[in-house]
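For reference, the structure discussed in these notes is given below.
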Amino acid sequence: MGKFEDLRARYLEMEPYLDERTRRLFVANEAMAYGRGGRIAAARATGMARSTIGRGINDLKNGAEVPDVLGSGGRVRRPGGGSKSAEEHQPGLLAALERLVDGSIRGDPEAPLRWVSRSQRNIAAALAEKEFKASQPLVGQLLKKLGYSCQANQKMREGANHPDRDAQFHNINATVTAATERGEPAVSVDTKKKELVGDFKNAGRELRPKGDPEPVRVHDFQIPDLGKVAPYGVYDVAANEGWVNLGTDADTAMFAVESIRRWWQRLGQERYPEAEHLVITADCGGSNGPRVRLWKYELQQFADETGLAITVTHLPPGTSKWNKIEHKLFAQISQNWRGKPLISHEAIVQLINATTTRTGLEVSCTIDANTYPKGIKVSDRTMK
């Protein structure tokens, strides 16, 4: 090792045990021992300012008095050393800051920060109008001292809760648990967010050569020849396996049941050859909502074809985020294709098929090019 590396290694070894003064003296002694260019080398090796190293060298040469650290209550600097705080220079600064921020938070319509961003820069400007001098970094330090921090909105107000909402969750859990214990299939279903196909921006970042981001379109105007896709997912709770039917037409109840049918034909039937019962968990909106007649009609056709007894449990309104497919399948797909433009149907299928997790998730996906007309009505007579 060279002289510079030796100096840096000695400093890193001693640095945890040094306080402000002894650190300065230690580095100053190393700079003197280094010889020509010692101050510059010591500054580079330790990150200490050359002026600080110079003061340390002067202390060593002039035989500065060693302070009684234990007798001074652990002080490093002389009593009275250091600049006075902004609060001492400007009495009332902290109280003015607290009144300023607290008033805007509590909803005082006359508060100067009520209708603007409460950024540190805006707070500093508001304090300046009250004849206080406070820089942006100082405002940040004072806010921290007062117990403030930057926080996002928190979704907590769900509105009125139905008295049977908790009972419905218990019912869903009991129904799914009973099915899996019997070895019967239990699936969670939903349609993922529709996606534009083409070289459009996809949220997230992906590793690429520095300074060479992948170019995409500026505007998100649908490409007529490619259109959108509606990924309808079926998540097998017990097997930790996902199936995605990539629809290129409308997201209708007929499409939803066809997706479940394809899952059963390609995966479910082989995994559960003795099954007599199928449990489906879905949210209460969209193509698989509890009031959608076509959803019920198509499910009956599917039940007639397969001989399965089908039970559907719907999550209460506003609770779709608790549907297992959301965080067990869809979140993993979004994580896998982050930062990658969905340039074609084939690319989307490959990205979904490649989705895995350390807990063993496997995903299959195929394109569904069928058309699913909207506006199909199911009569009262048919329902009966």
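The values are calculated or read from the model by the stated rules, or taken from the named source; none is laboratory data. The structure presented is a predicted model; accordingly, all values stated were derived computationally and were not measured. Neighbour counts run over all protein chains shown; Cβ positions are idealised from the backbone, glycine included. Just the protein is used for accessible areas: all its heavy atoms, side chains included, with ligands, DNA and RNA removed. Shrake-Rupley method; radii C 1.70, N 1.55, O 1.52, S 1.80 Å.
Tabulated data
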{"read-out": "Conditions (1) farther than 16 Å from residue 341 by Cβ; (2) β-branched (Val, Ile, Thr); (3) in contact (Cβ under 8 Å) with a residue 24 or more places away in the chain: number failed by residue 216", "value": "(1)"}
{"read-out": "The range 1-37 - residue that is in a helix (DSSP H, G or I) and over 48 Å from the mean Cα position of the chain (by Cα) and, of those, surrounded by the most Cβ atoms within 10 Å (Cβ to Cβ)", "value": "34"}
{"read-out": "Within the range 193-247, tally of residues that are of a type outside the set (Val, Ile, Thr), open to solvent by less than 20 Å² (accessible area, probe 1.4 Å) and part of a loop (DSSP other than H, G, I, E, B)", "value": "3"}
{"read-out": "Every residue from the range 131-162 that is within 15 Å of residue 90 (Cβ to Cβ), open to solvent by less than 100 Å² (accessible area, probe 1.4 Å) and of a type outside the set (S, T, N, Q)", "value": "132, 134, 138, 139, 142"}
{"read-out": "Residue identified as closer than 30 Å to residue 316 by Cβ, outside any helix (DSSP H, G or I) and at pLDDT 85 or above among 153, 173, 161", "value": "153"}
{"read-out": "Residues of the range 118-129 that turn out to be exposed (fewer than 14 other Cβ atoms within 10 Å of the Cβ) and over 28 Å from the mean Cα position of the chain (by Cα), as a count", "value": "2"}
{"read-out": "Hits in the range 276-296 (condition: open to solvent by less than 30 Å² (accessible area, probe 1.4 Å), over 22 Å from residue 366 (Cβ atoms) and more than 29 Å from the chain's Cα centre (by Cα))", "value": "279, 294"}
{"read-out": "Residues (assigned to a helix (DSSP H, G or I) and in contact with a Gly (Cβ under 8 Å, 6 or more places away or on another chain)) located in the range 257-301", "value": "259, 295"}
{"read-out": "Every residue from the range 94-128 that is over 14 Å from residue 140 (Cβ atoms) and not in a helix (DSSP H, G or I)", "value": "107, 108, 109, 110, 111, 112, 113, 114, 115, 116, 117"}
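Listed here are the residues, each with its yes/no results for (1) modelled with pLDDT under 95; (2) open to solvent by 20 Å² or more (accessible area, probe 1.4 Å); (3) in contact with a Lys or Arg (Cβ under 7 Å, 6 or more places away or on another chain); (4) under 23 Å from residue 207 (Cβ atoms).
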{"site": "298", "(1), (2), (3), (4)": "no, yes, no, no"}
{"site": "352", "(1), (2), (3), (4)": "no, no, no, yes"}
{"site": "358", "(1), (2), (3), (4)": "yes, yes, no, yes"}
{"site": "364", "(1), (2), (3), (4)": "no, yes, no, no"}
{"site": "368", "(1), (2), (3), (4)": "no, no, no, no"}
{"site": "371", "(1), (2), (3), (4)": "no, yes, no, no"}
{"site": "384", "(1), (2), (3), (4)": "yes, yes, no, no"}
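To keep it simple, each residue is scored yes or no on (1) touching a residue at least 40 places away in the same chain (Cβ under 8 Å); (2) touching a strand residue (DSSP E or B) at 6+ places or on another chain (Cβ under 7 Å); (3) over 15 Å from residue 313 (Cα atoms).
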residue	(1), (2), (3)
206	yes, no, yes
239	no, no, yes
251	yes, yes, yes
276	yes, yes, yes
292	no, no, no
